[in-house]
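For reference, the structure discussed in these notes is given below.
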Amino acid sequence: MEQYTNVYGSLAFADSNAALAQLGRYTADLKKLVRDRGDVLKQIEQAHLNALTLLSRAAEYRDDDTGVHMDRVGALSQLLAQLIGRAETEAHMIRVAAPMHDIGKIAIPDAVLKKPGGYTPEERCIMNGHTLAGAEILGQSDIPLFQMAADVALTHHECWDGSGYPNQLRGTQIPWSGRVVALIDFFDALTMDRVYRKAFSDEQALNMMTAQRAKKFDPEMLDIFMDNVDQFIHLRDDINAADREHGALLREDASLLASDLGL
């Protein structure tokens, strides 16, 4: 009996070790599966982001010859997010999300989008629809970055006093991300050349923004922007300088390629 017990105990111990070893292998396989799935999901998210970024650039190029407006809006929005005390992860997210604010313009006909001068009431309604179109494009994903981008696309033309569009939100009903991009987009748009007008000076733009305190813009957010305006202007100028340098390099490369081809 004792011999049987010893043998049974040894077998039980061996079976237990085998089971633990098998469990260890299953656990390792599961961890690898989760890791691989995570890598695949990250690749899908990155592909999604790349596709939306390209779509945003396509929309921007229809309305701006250089597309650098997107880069400035992203960088300046990140700076403002940091200055108003948002978490660093949120500040990083808005840098990526903010350039997608006008992605809905891809759905606007050229006859309206590129029309010089004022719009008819019907054309204004069509143009304002770019906010809804943008939110529809970006809101297909439940990834936080794209949810923020959808909020920005939908609300960056809402006004603090409720006079904006498309939903006449007021005050803090407007997501903080939409309030940030509304301010930054307005500043950058005023200080860049457009088809129908020359750029306003920084002083003119700042005066126009001050006149919209607590009307178009969140008053506290505008005050922080104004208190740190030199940082925003410096960052904007750095981005413009980098863009000019990049453009010059591209032109030089094209010239060398043409020369090599005997053109």
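The values are calculated or read from the model by the stated rules, or taken from the named source; none is laboratory data. Quantities reported herein were computed from a predicted structural model and do not represent experimental measurements. Note: ideal-geometry Cβ built from the backbone for every residue, glycine included; neighbour counts use all protein chains shown.
Observations
- ALA98 falls short of the stated requirement of being of a type in the set (A, V, I, L, M) and without any contact (Cβ under 8 Å) to a residue 12 or more places away in the chain.
- Within region 115-130, the set of residues being in contact with a Phe, Trp or Tyr (Cβ under 7 Å, 6 or more places away or on another chain) and part of a helix (DSSP H, G or I) comprises MET127, ASN128.
- Condition met for ASP253 (at pLDDT 95 or above and more than 29 Å from GLN173 (Cα to Cα)): no
- Of the residues making up region 215-236, those that are acidic (Asp, Glu) and over 21 Å from the mean Cα position of the chain (by Cα) are GLU220, ASP223, ASP227, ASP230.
- Test: residue in region 128-151 that is on the phi > 0 side of the Ramachandran plot and surrounded by fewer than 21 Cβ atoms within 10 Å (Cβ to Cβ): no
- Members of region 58-92 found to be aliphatic (A, V, I, L, M), farther than 17 Å from ALA242 by Cβ and either part of a loop (DSSP other than H, G, I, E, B) or at pLDDT 95 or above (or both), listed by number: LEU80, ALA81, LEU83, ILE84, ALA87, ALA91
- Sole exception among (1) in a helix (DSSP H, G or I); (2) of a type outside the set (Lys, Arg); (3) surrounded by fewer than 21 Cβ atoms within 10 Å (Cβ to Cβ) for PRO166, by number: (1)
- Residues that are modelled with pLDDT of 95 or more, farther than 28 Å from LEU169 by Cβ and either among the hydrophobic types (A, V, I, L, M, F, W, C) or in contact with an Asp or Glu (Cβ under 8 Å, 6 or more places away or on another chain) (or both) within region 191-238 comprise ILE233, LEU235, listed in sequence order.
- Look at region 172-186: where a residue is touching a residue at least 12 places away in the same chain (Cβ under 8 Å) and in a helix (DSSP H, G or I), no partner that is β-branched (Val, Ile, Thr) and surrounded by fewer than 24 Cβ atoms within 10 Å (Cβ to Cβ) sits 6+ places away or on another chain with Cβ atoms under 7 Å.
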